[in-house]
């Protein structure tokens, strides 16, 4: 019930909440659990991310500041949300890997990104997948 969420969000803002995430805006899909999980993640991460983005922006006045999203695309710093940041590192790694491999003359590659707690494996065969 979008109207109910909007009413509760309005009340929350009126009483002083600075970060309010509503599921109909954050993740307008029909799947209840996924929609709820995405909204909780966004509510938790967005204030932390906003402080970081604002700090970076204050050091770079007049710059068209954009951030990598989990889908591999870029977004304006003012529109960057917590829910879109979760896999932005691995997505950026894949985009960078493809660019570097093209410069080296390779069109088909397998990427292996190993960190301290996880490993991401990717495959590129000439075009990015659209899911």
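In table form, for the structure just shown:
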{"quantity": "Residue in segment 23-33 that is in contact with a helix residue (DSSP H, G or I) (Cβ under 6 Å, 6 or more places away or on another chain) and part of a loop (DSSP other than H, G, I, E, B) present", "calculated": "yes"}
{"quantity": "Search result, residues across segment 24-39 that are within 16 Å of the chain's Cα centre (by Cα) and surrounded by 15 or more Cβ atoms within 10 Å (Cβ to Cβ)", "calculated": "25, 26, 27, 35, 38, 39"}
{"quantity": "Failed item in (1) within 19 Å of the chain's Cα centre (by Cα); (2) outside any loop (DSSP other than H, G, I, E, B); (3) surrounded by fewer than 15 Cβ atoms within 10 Å (Cβ to Cβ), with residue 50 passing the rest", "calculated": "(3)"}
{"quantity": "Close pairs from segment 31-50: first within 16 Å of residue 79 (Cβ to Cβ), partner part of a helix (DSSP H, G or I), Cβ under 6 Å, at least 6 apart", "calculated": "42/26; 42/82; 42/83; 45/82; 46/82; 49/82"}
{"quantity": "Residue within segment 58-70 that is assigned to a loop (DSSP other than H, G, I, E, B) and within 13 Å of the chain's Cα centre (by Cα) present", "calculated": "yes"}
{"quantity": "Filter pass, residue 11 being at pLDDT 90 or above and part of a helix (DSSP H, G or I)", "calculated": "yes"}
{"quantity": "Failed item, numbered, when residue 44 is tested on (1) touching a strand residue (DSSP E or B) at 6+ places or on another chain (Cβ under 9 Å); (2) surrounded by 13 or more Cβ atoms within 10 Å (Cβ to Cβ); (3) at pLDDT 90 or above", "calculated": "(1)"}
{"quantity": "Residue 116, sole failed condition from (1) farther than 20 Å from residue 73 by Cα; (2) at pLDDT 90 or above", "calculated": "(2)"}
{"quantity": "Tally, over segment 74-131, of residues that are part of a loop (DSSP other than H, G, I, E, B), surrounded by fewer than 15 Cβ atoms within 10 Å (Cβ to Cβ) and touching a strand residue (DSSP E or B) at 6+ places or on another chain (Cβ under 8 Å)", "calculated": "2"}
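The values are calculated or read from the model by the stated rules, or taken from the named source; none is laboratory data. Nothing here was measured: the structure is a model prediction, and the numbers come from that model. Quick reminder, even Gly has a Cβ in these numbers, built from the backbone with ideal geometry, and neighbours come from all protein chains shown.
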